[in-house]
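Below: the structure, in structure tokens.
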Amino acid sequence: MLLPGATLGVLGGGQLGRMFVLAARVMGYRVVVLDPDPQSPAGQVADIHLKADYSDAVALLHMGGMCDAVTTEFENVPAKSLEMLAKHCFVAPSPAALAVAQDRLAEKSRAREFGCDTAPFADIEDEGDLVHAWSVVGGPALLKTRRLGYDGKGQARVDSLDDLVAAHEELGRLPCLLEGFLPLHKEISVILARNPAGEIAFFPLAENRHARGILDLSIVPAQVPEATAETARQMAARIAEGLDYVGVLAVEFFVLEDGRVVFNEMAPRPHNSGHYTLDACATDQFQQQVRALCNLPLGDTRLLSPVVMVNLLGDIWRPEPNWGELLRHPGVQLHLYGKAEARPGRKMGHYNCLAPTVEEALALALRTRAALGIG
């Protein structure tokens, strides 16, 4: 157990790192952030900000010497960096677990090993695999780069073999995954935490709606049968246990029109669809990340209020949204991330709408969303 007064580290200085730092400092920990951006949101609120690249050996050695435990705010940190840190302090999630989440082929293959259904998929190492992949999956389908894709980036819809050839060229002929479409009814996400003792705690499921490939709304509790929710929780637990995962883990699932639950992807960190926990749960996902990293008993995850989370993207900064219009509603809780520049598609903040019923929370979310000019 690492108790308050210990020093924790986080690789990555974005909004997820910022919220981890704030949670850790409230709980009495010191925090070191490693991120090359001198204006990083997490670095602004950390005790120490190491402004260096994630593969900088000197900075990593310095961080490992200062910290009792280190985590990461995103999955694309070099595995070698985590391995270097692990020689000096506890690191969670492990480099091996992170490596699975960094590669879509490994991610879906391991999910199947753990008994989860997935969409049909085929691996594409180079252009020589295109014809075979198309014969296995067919169309319509999504071509996705195996690494570094998120929020709709690094992927393209294809409806023919000619489309596939052109899309693979457009994506730089990188190793890819071709994934078939499914009759989708809803998308849900499971946010769980697992500590080194093997204890698992689940947050209430979120029902997610997307716009242009980016999460738009998360509705909690998800409007799905309890049997569906339990199936998703069991699948997520098998993944966490199979990877010997430590930390907060988000697992996204498709609920199909026939009721089947199908694995989509996982994120080895707190997740956008878990931001509702900041205002609507007894313990939020960032406090839980601290607890898991420090091998403390996991916190109470019960839902205190129905809630809908709304993402705020840089598209609506013209030049600044009308926060007065938003904050005149007592049930709205605003969270801004301290980013210096607003850009289209960039996550600048979010807000949570709390109400006595999920229907009222959704109505408030849609009303305020429209007032801010979110299309």
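Structural remarks
- Scanning the range 34-77 for residues that are β-branched (Val, Ile, Thr) and either assigned by TED's automatic domain parsing to the domain that holds Gln288 or within 19 Å of Pro270 (Cα to Cα) (or both) yields Val45, Val70, Thr71, Thr72, Val77.
- Members of the range 210-230 found to be part of a strand (DSSP E or B), within 15 Å of the chain's Cα centre (by Cα) and exposed (fewer than 15 other Cβ atoms within 10 Å of the Cβ), listed by number: His210
- Some residue of the range 65-78 being touching a Cys at 6+ places or on another chain (Cβ under 7 Å) and closer than 29 Å to Thr145 by Cβ: yes
- Scanning the range 343-354 for residues that are of a type outside the set (D, E, K, R) and modelled with pLDDT of 95 or more gives Met348, Gly349, His350, Tyr351, Asn352, Cys353, Leu354.
- When Leu164, Leu143, Leu130, Leu171 are checked against the criterion of being surrounded by 13 or more Cβ atoms within 10 Å (Cβ to Cβ) and under 22 Å from the mean Cα position of the chain (by Cα), a single residue qualifies: Leu143.
- Helices (runs of 4 or more DSSP H) fully within the range 90-137 that include at least 3 residues being within 26 Å of Leu293 (Cβ to Cβ): 95-101, 104-113.
- Cβ pairs under 9 Å, 6+ apart, first in the range 193-213 and not assigned by TED's automatic domain parsing to the domain that holds Arg269, second in a loop (DSSP other than H, G, I, E, B) and of a type in the set (Val, Ile, Thr): none
- Within the range 162-184, residues that are without any contact (Cβ under 8 Å) to a residue 60 or more places away in the chain reach partners that are polar (S, T, N, Q) with beta carbons closer than 7 Å, at six or more positions or on different chains, in the pairs Leu171/Thr145; Leu174/Thr145; Cys176/Thr145.
- Test: Ala106 is farther than 25 Å from Asp56 by Cα, free of Cβ contacts under 8 Å to residues at least 40 places away in the same chain and either in the same structural domain as Ala292 (by TED's automatic domain parsing) or exposed (fewer than 15 other Cβ atoms within 10 Å of the Cβ) (or both): yes
- When Arg318, Arg328, Arg269 are checked against the criterion of being at pLDDT 95 or above, closer than 29 Å to Arg346 by Cβ and surrounded by fewer than 18 Cβ atoms within 10 Å (Cβ to Cβ), a single residue qualifies: Arg328.
- Residues that are part of a strand (DSSP E or B) and outside the structural domain of Gly213 (by TED's automatic domain parsing) occur in the range 163-176; there is at least one.
- The listed residues are Ala97, Ala86, and the only one of them that is of a type in the set (A, V, I, L, M), crowded, with 17+ Cβ neighbours inside 10 Å and out of contact with any strand residue (DSSP E or B) (no Cβ under 8 Å at 6 or more places or on another chain) turns out to be Ala97.
- Close pairs (8 angstrom Cβ cut-off, 6 or more residues apart or separate chains): within 13 Å of Gly12 (Cβ to Cβ) in the range 55-78, buried (at least 22 other Cβ atoms within 10 Å of the Cβ) and among the charged types (D, E, K, R) anywhere: Thr71/Arg269; Thr72/Arg269; Glu73/Arg269; Phe74/Arg269; Glu75/Arg269
- Evaluation of Thr301 against (1) within 24 Å of Gly373 (Cβ to Cβ); (2) surrounded by fewer than 24 Cβ atoms within 10 Å (Cβ to Cβ); (3) hydroxyl-bearing (Ser, Thr, Tyr) (one fails), failing number: (1)
- The residue that is surrounded by the fewest Cβ atoms within 10 Å (Cβ to Cβ), counting only those in the range 1-47 that are under 17 Å from the mean Cα position of the chain (by Cα) and assigned to a loop (DSSP other than H, G, I, E, B), is Gly14.
- Pair list, Cβ under 6 Å, 6 or more apart: the range 23-37 residue β-branched (Val, Ile, Thr), other residue modelled with pLDDT of 95 or more and assigned to a strand (DSSP E or B): Val31/Leu8; Val32/Gly9; Val32/Ile48; Val33/Val10; Val33/His49
The values are calculated or read from the model by the stated rules, or taken from the named source; none is laboratory data. None of these values were measured; they are calculated from a predicted model. Cβ coordinates were reconstructed from backbone atoms using ideal geometry, including for glycine residues, and neighbour counts include every protein chain displayed.
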